[in-house]
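Student: There's a structure below that I have some questions on.
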Amino acid sequence: RNDLNLTACKDVCDRAVCGACTVHIDGKPIYSCTRFAIECVGQKIVTAESLVTPAKTDPVIDAFVKHDGMQCGFCTPGFVMAVRGFCNSHPNATVDDCRKGLGGNICRCGTYDSVLKAAYEVAQTKKGGA
C-alpha cells in the first residue's frame, strides 16, 4: 500500500462491513480486507488510482466531483470502486437499484445522497459509463 503509493484503499474495519477497502479483483468489487494477497496471485486487481490516467478520468470520478460525493474523503475511494462495479453490471439502474446496490458501503459524514446522485447519473449513461 505505502511502498507502491496506492493509498486510496484503506484497512478500516477489517471485518467486511464498511466498504472503505473496496477494490476490483478480476472485474468484481471485493472488500480487500477479506482477501490475503497470496489468494490474488494471477488475478487483476484494480484500485481507485487506476480510474485516473493522464489521458482520461473515469466518469464515476467526474460524477462524484459534480455531485460533491465526498466530504472527508475517507470512504470515497471505496465508494468510487463500488459505484464503478455496480454501474458496470447494472447499466440503466434506477435510483432505487443504486440505493440497494451500494448498501454495503458506509460514510460517516453522510454523503449518501450525493453518492446516490453520482451513481444514478453514471448508470444512466451508455453501458454504465464504462
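Student: Could you tell me whether any residue of region 117-130 is open to solvent by less than 30 Å² (accessible area, probe 1.4 Å) and in a loop (DSSP other than H, G, I, E, B)?
Tutor: Scanning region 117-130, I find no residue that is open to solvent by less than 30 Å² (accessible area, probe 1.4 Å) and in a loop (DSSP other than H, G, I, E, B), so the answer is no.
Student: Name the single residue, out of those in region 1-22 being in contact with a strand residue (DSSP E or B) (Cβ under 6 Å, 6 or more places away or on another chain) and not polar (S, T, N, Q), that is least open to solvent (accessible area, probe 1.4 Å).
Tutor: Cys21
Student: I'm checking my understanding of the structure. Among residues of region 46-79 that are of a type in the set (Gly, Ala, Ser) and outside any helix (DSSP H, G or I), which one is surrounded by the most Cβ atoms within 10 Å (Cβ to Cβ)?
Tutor: By that ranking, first place goes to Gly69.
Student: Suppose we filter region 91-111 for residues that are closer than 21 Å to Ala16 by Cβ and either free of Cβ contacts under 8 Å to residues at least 12 places away in the same chain or open to solvent by 60 Å² or more (accessible area, probe 1.4 Å) (or both); how many remain?
Tutor: So the answer is 5.
Student: Moving to a separate point now. Ile30 - would you say it is in contact with a strand residue (DSSP E or B) (Cβ under 8 Å, 6 or more places away or on another chain) and in a strand (DSSP E or B)?
Tutor: Yes, satisfied.
Student: Would you check which residues across region 34-45 are open to solvent by 70 Å² or more (accessible area, probe 1.4 Å) and either in contact (Cβ under 8 Å) with a residue 40 or more places away in the chain or outside any helix (DSSP H, G or I) (or both) and list them?
Tutor: Arg35, Phe36, Val41, Gly42, Lys44, Ile45
Student: Separate question: Is it the case that Asp68 is over 21 Å from Val12 (Cα atoms), in contact (Cβ under 8 Å) with a residue 12 or more places away in the chain, touching a strand residue (DSSP E or B) at 6+ places or on another chain (Cβ under 8 Å) and not hydrophobic (A, V, I, L, M, F, W, C)?
Tutor: No, not satisfied.
The values are calculated or read from the model by the stated rules, or taken from the named source; none is laboratory data. On a predicted model such as this, the values are computed, not experimentally measured, just so you know. We place every Cβ from the backbone using ideal geometry, glycine too, and count neighbours over all the protein chains shown. Note: areas computed on protein heavy atoms with side chains; ligands, DNA, RNA excluded. Shrake-Rupley method; radii C 1.70, N 1.55, O 1.52, S 1.80 Å.
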